[in-house]
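**Q** Would you mind keeping the following structure in view while I ask a few things?
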Ligand code: FES
């Protein structure tokens with residue numbers, strides 16, 4: 001498990017998207033239709049709303065502001081059900097182990113100066 005960081009307990013994401021701040025970076029952990037965790041940046045690419053304030057429906061993470069939907073890969077899915085490869089939220093490798101959600105490769109937040 002080298003390089004993997006325990007983000008939260010699986011239980012925390014069972015009720016819906018769960019926000020975690022990891023080293024200053026806001027993340028959202030949620031469970032896809034297959035029951036496995038996904039971890040995205042907690043920032044909608046439309047207008048920066050927190051995706052953790054949204055909900056999961058039909059295996060997609062729904063933004064609370066304008067109801068954009070994101071599939072398991074983080075791609076925006078339009079009303080026609082087609083994923084847009086040009087519009088996506090940052091997704092990080094995630095896995096479930098020992099009752100927890102683990103993540104890796106989360107970049108440090110940008111700093112000014
Ligand atoms: S801010 Fe997320 S859909 Fe508009």
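The values are calculated or read from the model by the stated rules, or taken from the named source; none is laboratory data. These numbers were taken from a predicted model, which means no experiment stands behind them. Virtual Cβ from ideal backbone geometry, glycine too; neighbours counted across all protein chains shown.
**Q** Look through the stretch 37-70, keep the residues that are in a loop (DSSP other than H, G, I, E, B) and crowded, with 20+ Cβ neighbours inside 10 Å, and return whichever of them is farthest from the chain's Cα centre (by Cα). Break it down stepwise before answering.
**A** Just the residues of the stretch 37-70 that are in a loop (DSSP other than H, G, I, E, B), to begin with: 42-50, 54, 58-59, 63-68.
Imposing the further condition that a residue be crowded, with 20+ Cβ neighbours inside 10 Å reduces the set to 42, 44, 54, 63, 68.
Details: 42: 6, 44: 10, 54: 11, 63: 11, 68: 14 Å.
Ranking the qualifying residues of the stretch 37-70, first place goes to 68.
**Q** Hey, another quick one. What single numbered condition from (1) at pLDDT 95 or above; (2) closer than 23 Å to residue 96 by Cα; (3) more than 9 Å from the ligand (Cβ to nearest atom) fails to hold for residue 54?
**A** (3)
**Q** Just wondering, is there one or more residues in the stretch 73-85 that are near the ligand (Cβ under 10 Å from one of its atoms), buried (at least 18 other Cβ atoms within 10 Å of the Cβ), part of a strand (DSSP E or B) and without any contact (Cβ under 8 Å) to a residue 60 or more places away in the chain? It would help to see each step written out before you state the result.
**A** So in the stretch 73-85, the residues near the ligand (Cβ under 10 Å from one of its atoms) come out as 76.
If we keep only those that are buried (at least 18 other Cβ atoms within 10 Å of the Cβ) too, we end up with 76.
Add one more test, that the residue is part of a strand (DSSP E or B), and what stays is 76.
Narrowing the set further to residues that are without any contact (Cβ under 8 Å) to a residue 60 or more places away in the chain leaves 76.
Checked against the condition, which is being near the ligand (Cβ under 10 Å from one of its atoms), buried (at least 18 other Cβ atoms within 10 Å of the Cβ), part of a strand (DSSP E or B) and without any contact (Cβ under 8 Å) to a residue 60 or more places away in the chain, the stretch 73-85 yields at least one hit.
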